[in-house]
C-alpha cells in the first residue's frame with residue numbers, strides 16, 4: 001500500500017483558531033505510525049490536471065490571490081497563505097500519482113495525506129477550506145488519461161461534497177455517492193440532486209444517528225448502488241469529521257466505524273481503492289480514525 005505526503009502541506013497555514021490547521025498533519029502521522037506502508041512524496045500537480053475540472057480563469061485567480069505574507073481570504077472560511085498554492089497543487093499531484101499507481105497495478109490501495117482538502121471546491125468557487133476539487137480531478141485522470149469507463153467516488157465526510165458534485169454533475173462515467181449530516185454546511189446534498197445522468201446519489205444522515213444507522217444506510221443504499229455500477233476504480237473522499245468527538249458536526253461515529261466502512265468499500269472495484277484526506281478536526285479522533293482507515297487499506301492492499 002502507498003501513502004503519498006509532502007512537507008509542503010505544512011506550508012498551507014491558516015489563521016489562529018482555524019479548524020483546518022497544520023496540526024492535523026501531525027495527527028495523521030500519529031495514525032499512520034507503525035503501519036507497514038510505502039511512503040512516497042506527492043509531486044507537483046500539472047495545471048492541465050486542474051483544468052480537467054476547473055476553468056483556466058479560476059486557476060489564474062487562485063494563483064494571483066496568493067499573498068506574499070500573511071493571509072488572503074477567498075470566502076468566509078477559506079484562506080490562502082504564501083505556501084497554499086504549492087500545497088494545493090501537490091495534493092493534486094498526489095491524487096494523480098496515486099491513481100496512476102493503482103490503475104497500473106503497481107499498488108492495490110493508496111492514501112493521499114494532503115491538505116488543503118478539496119471536496120467543497122466548485123468549478124469557479126473556493127469554499128469550505130477547499131481550493132481545487134482534488135478527488136474529482138483524480139477521477140477525471142482515471143477516465144481521460146487511463147481510459148477507464150466506470151469510476152466511483154464515495155465521500156463519507158460529514159459535510160456534503162458539493163464541489164465534487166458540481167464538478168462531476170454531467171460526467172456520466174463517474175458515480176458520485178455522498179453520505180453526510182443534514183441539515184449542515186454547505187446546505188446541499190438532498191436526495192433529489194441526481195446529476196444530469198442520474199449518476200449522483202446523496203444519502204443524508206440525521207445528527208446523532210451514529211454508526212449503526214450509517215451501516216444500515218450503506219448496506220441498504222450505497223453498496224447495492226456500487227454493485228450495480230461495477231466501478232473499475234473506487235476513490236474515497238475520506239473526511240473523518242463524522243466522529244463523535246469532532247467539533248464541527250454531530251453524526252457520532254467511532255473509529256471502528258471507519259474501519260468497517262473501509263473494509264466494505266474495498267469489496268468493490270476489485271479492491272482498487274484510492275483515498276484522499278478531507279475533513280477531521282479533533283486531533284485525537286483524527287489520528288484514531290486514520291489508523292483504522294489506513295490500517296484496513298494496508299491489509300486489503302497486500
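Arranged from fewest to most other beta-carbon atoms within 10 Å of their beta carbon, 63, 108 become 63, 108. With both bridge residues required to lie in region 2-300, what share of the DSSP beta bridges run antiparallel, to the nearest 5%? Bridges in region 2-300 are about 15 percent antiparallel. The stretch between residue 207 and residue 33, if pulled fully straight at 0.36 nm per residue, gains 59.5 nm over its current Cα-Cα span.
Taking other C-beta atoms within 10 Å as the exposure proxy, 296, 13, 92 rank 13, 296, 92 from fewest upward.
At full extension, residue 302 and residue 73 could sit 78.2 nm farther apart than now, given 0.36 nm per residue minus the alpha carbon distance. Using a/c under 1.5 as the rounded threshold, could you call region 135-253 rounded, prolate or oblate? The axes a ≥ b ≥ c are square roots of the C-alpha gyration tensor eigenvalues, and prolate needs a/b larger than b/c, oblate otherwise. Verdict is prolate for region 135-253.
Classify region 1-70 as rounded, prolate or oblate from the Cα gyration tensor: take a ≥ b ≥ c as the square roots of its eigenvalues, call it rounded if a/c is under 1.5, otherwise prolate when a/b beats b/c and oblate if not. Oblate, because a/c is 1.5 or more while a/b does not exceed b/c. Is the C-alpha gyration tensor of region 82-194 telling us rounded, prolate or oblate? Criteria: a/c under 1.5 is rounded; beyond that, a/b larger than b/c is prolate, otherwise oblate. Oblate is the answer for region 82-194, as a/c is 1.5 or above yet b/c matches or exceeds a/b. Remark: relative contact order (the chain) = 21 percent; criterion is Cα-Cα distance under 8 angstrom and separation of 6 or more residues. Recomputing mean projected area of the Cα convex hull in nm² from the coordinates shown identifies the correct label among [x] 17.6; [y] 13.1; [z] 19.8 as [y]. Counting neighbouring Cβ atoms within 10 Å and putting the fewest first, the residues 166, 284 line up as 284, 166.
Between residue 145 and residue 216, the FRET efficiency from the beta-carbon distance, with R0 = 45 Å, is close to 0.75. Counted residue by residue at 0.36 nm each, then reduced by the alpha carbon distance between them, the extension gain from residue 41 to residue 124 reaches 27.1 nm.
Read the figures in this text as sums done on the coordinates, not as results from a lab. The shown structure was predicted, so the numbers you read here are calculated from the model rather than taken from an experiment. All Cβ positions, glycine included, derive from the backbone under ideal geometry; neighbour counts span all protein chains shown.
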